[in-house]
1. So how many residues does the range B:20-53 have that are over 27 Å from A:Thr138 (Cβ atoms) and buried (at least 18 other Cβ atoms within 10 Å of the Cβ)?
2. Which of (1) within 10 Å of DNA strand D (Cβ to nearest atom); (2) free of Cβ contacts under 8 Å to residues at least 12 places away in the same chain; (3) within 14 Å of chain A (Cβ to nearest Cβ) does B:Arg93 not meet, given it meets every other one?
3. Kindly provide the set of residues from the range A:46-74 that are more than 14 Å from chain B (Cβ to nearest Cβ), more than 24 Å from B:Leu10 (Cα to Cα), within 12 Å of DNA strand C (Cβ to nearest atom) and of a type outside the set (Ser, Thr, Tyr), ordered by number.
4. If you scan the range B:75-88, which residues turn out to be more than 8 Å from DNA strand C (Cβ to nearest atom), surrounded by 14 or more Cβ atoms within 10 Å (Cβ to Cβ) and of a type in the set (A, V, I, L, M)?
5. Taking the condition small (Gly, Ala, Ser), over 23 Å from B:Ala112 (Cα atoms) and either assigned to a loop (DSSP other than H, G, I, E, B) or in contact with a helix residue (DSSP H, G or I) (Cβ under 8 Å, 6 or more places away or on another chain) (or both), does B:Ala19 pass?
6. Of the conditions (1) under 23 Å from A:Ile27 (Cα atoms); (2) without any contact (Cβ under 8 Å) to a residue 40 or more places away in the chain, A:Ala112 satisfies every one except a single condition; which number is it?
7. Is the range B:6-19 home to any residue that is surrounded by fewer than 16 Cβ atoms within 10 Å (Cβ to Cβ), among the hydroxyl-bearing types (Ser, Thr, Tyr), within 10 Å of chain A (Cβ to nearest Cβ) and within 21 Å of A:Arg26 (Cα to Cα)?
There are 2 protein chains.
Amino acid sequence: MAAPHAKQSLRVWLRMLRATTIIEKRIRGYLKAEFDSTLPRFDVLSALDRETGPITMSALTDHLLVSNGNLTGLVNRLVEDGLISREIDPEDRRVQHVVLTPEGRRAFREMADKHEALVDSLFAAMSDEDMATLLDLTTTLNSALQNGARPAEDA
Amino acid sequence: MAAPHAKQSLRVWLRMLRATTIIEKRIRGYLKAEFDSTLPRFDVLSALDRETGPITMSALTDHLLVSNGNLTGLVNRLVEDGLISREIDPEDRRVQHVVLTPEGRRAFREMADKHEALVDSLFAAMSDEDMATLLDLTTTLNSALQNGARPAEDA
DNA sequence: CCGATTTGTTTTAAACTTAAAGTACCTTGC
DNA sequence: GCAAGGTACTTTAAGTTTAAAACAAATCGG
């Protein structure tokens, strides 16, 4: 009676995909409506907010799962908007360090608060225990995917 | 010591997002390499394969979580490729019904088999029990999202 | 019947995505 | 020093994505 693992995998995958798609769409709509911003922008700000100081573009790319070419445009627009600042490394002029401006940090905090509240409301139906289990399982899954994904890694 | 629900939600969400992003990326790469196709195309075929007969564009959109504007282009290309066919509703000329062609069904089956195997390999690290739990939780989550999402629904 | 609204689908504009090529800078080995 | 090669980032080209506006057909109210 038990489904073979493969069929089960497919079912789980489709449900995960559906759930994340719906959630993403909500977040996207929310960011646009409230902040006239986008998810990729939010991700960049979020990655920078986690840092204690300026980091390089390459380091930022790694945190984001976004290709480096892509990042350039995002950062350009965020710099224009005054949310992040950029400065050339004096020791190596190829490198630039980006960091949140005070306004960027303020803006991000505001977005992040609402974002957290929104996400939480979307998970409201899940009990604390369910959430703990889900966190466990997704953590396991991520580890497996990460290992399977990158043949070699240094960090 | 327990994290408040909101923080927990955020953590879970980020892990889910990361996992699905990685998986999506793999599937995308695979479809492109093996079938010179894309995930959205696969999704359309998949949705049609589940149907017993022709369905309208709107119905298709609902199944897909893809914006309707997007669907037009996808369907156009799939029709060109001979994988699906399209015909105008004689009773309401705004409406069109789309359905898999025999070739489309054959092509989809082939992709689906490989797709299933790939997905399963990505979930290989999870035990049968984990998968059952994960299926449960994602099902609950989806129901909640669906209800919260649409104020009214008839089906 | 005829305008007004609703509904089904398509088009559009702007943002994002990627891979690959390009640019500028640094480093190394003579 | 200076050519050769490597590194950090940007640009490009081609394509996808989305929300929203536009369009077209049907239906409704007078």
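Laboratory data are not the source of any read-out in this text; all were calculated from the coordinates shown. It should be emphasised that the depicted structure is a prediction, and the values quoted were computed from it without experimental measurement. Every residue, glycine as well, gets a Cβ built from its backbone with ideal geometry; the counts of neighbours run over all protein chains shown.
1. Count: 5.
2. Result: B:Arg93 passes all but (3).
3. A:Met57, A:Asn68, A:Gly69, A:Gly73
4. B:Leu78, B:Val79, B:Leu83, B:Ile84
5. On the way: small (Gly, Ala, Ser): yes; over 23 Å from B:Ala112 (Cα atoms): no; either assigned to a loop (DSSP other than H, G, I, E, B) or in contact with a helix residue (DSSP H, G or I) (Cβ under 8 Å, 6 or more places away or on another chain) (or both): yes.
Judged against the criteria, B:Ala19 is not a match.
6. Of (1) under 23 Å from A:Ile27 (Cα atoms); (2) without any contact (Cβ under 8 Å) to a residue 40 or more places away in the chain, only one is false for A:Ala112: (2).
7. Looking through the range B:6-19, none of the residues is surrounded by fewer than 16 Cβ atoms within 10 Å (Cβ to Cβ), among the hydroxyl-bearing types (Ser, Thr, Tyr), within 10 Å of chain A (Cβ to nearest Cβ) and within 21 Å of A:Arg26 (Cα to Cα).
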